[in-house]
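Laboratory data are not the source of any read-out in this text; all were calculated from the coordinates shown. Nothing here was measured: the structure is a model prediction, and the numbers come from that model. Heads up, the Cβs are rebuilt from the backbone with ideal geometry, glycines too, and the neighbour counts pull from every protein chain shown.
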Amino acid sequence: MSYNLGSPSPIEPLSLGNVITAGIRIYRSHLKDYFLLALKAYVWLLVPIYGWAKFYALSALISRLTFAELVNQPESISSGQRFVNSRIWQFLINILLMLLVGMGILIGVVIVFAIFGFLSAVLVGGLNQQANIGVYLMLGLLAFVVDILALVAVLWISTRFYLVEVPLAIEDNVDGTSTIARSWELTKSYVWRIILISFVAFLITLPIQIVVQIVSTIVQLIVQLVFTPLLEQNSGFGLLFAVIILALSFASGAVVLPFWQAIKAVIYYDLRSRKEGLGLKLRDYEI
């Protein structure tokens, strides 16, 4: 996509409520198309490595299409697919790099807890018989504080990488490596705002996920009732049963994924407006 970033009258940044509202309205207005894209993405998960990159790319495509709607430059799905497909290996590189980042975060957390555990053991061992309930209460309190700080740190760092796939699906001058720095740059000083938006979005999707889970469970029970007698007669029906359960899981995921990718696109749009004065007219979604 090419955009006019030189407009002398950049639009105003969105409020938190407007971010959520815009995401919901675009999700609703393109539910069928986005659902099919998400379902296609989940099917690709069955193919190792390349399929994972396709899942990532198709998920990011939903954000690209949402962003195009926001800036009043709607794009066809086929055109968007051509763009993300041209970067499929960059998406794979990004996945691998983010896995390394995730492992680094996990190792860091383990080291922190290991150091705390070692120091606690040394303290208790040094006190030996003199250790009392007060010491154990103090250590318990410190352990709680360390847990909270570790959780906050992980949440903060993870949020800085919240948008990694979005610039890769939209901007021309990024690749699988630089899009990580791009996400880090865009989310600077807006971590808690993004966390709050994500929390509100989670609360909105919670009823949807509950309904989807209930429906999925009911269908699974019905399928089990139908297939259990058949499985006793022919074990070959087990494969068909597994396929049906997998299809239900994919379908339920495909209902929620587009909403989250739409929210990501709106956040990306909002951050670019705030930081770069994105000179594009926001499409009217009654926000």
* Under 21 Å from Lys40, Cα to Cα: lysines that are on another chain or at least 8 residues apart -> Lys32, Lys54, Lys264
* Have a look at Val84, Leu65, Leu46 and report the one farthest towards the positive end of the charge dipole of the range 29-84, computed about the Cα centre with Cβ charges (Lys/Arg +1, Asp/Glu -1). => Leu46
* According to a simple spin-label model (label point 7 Å from Cα along Cα-to-Cβ), what is the distance in nm between Phe113 and Ser216? -> 2.7
* **Burial order of peptide ranges 53-59, 194-200 (average beta-carbon count within 10 Å, highest first)** => 53-59, 194-200
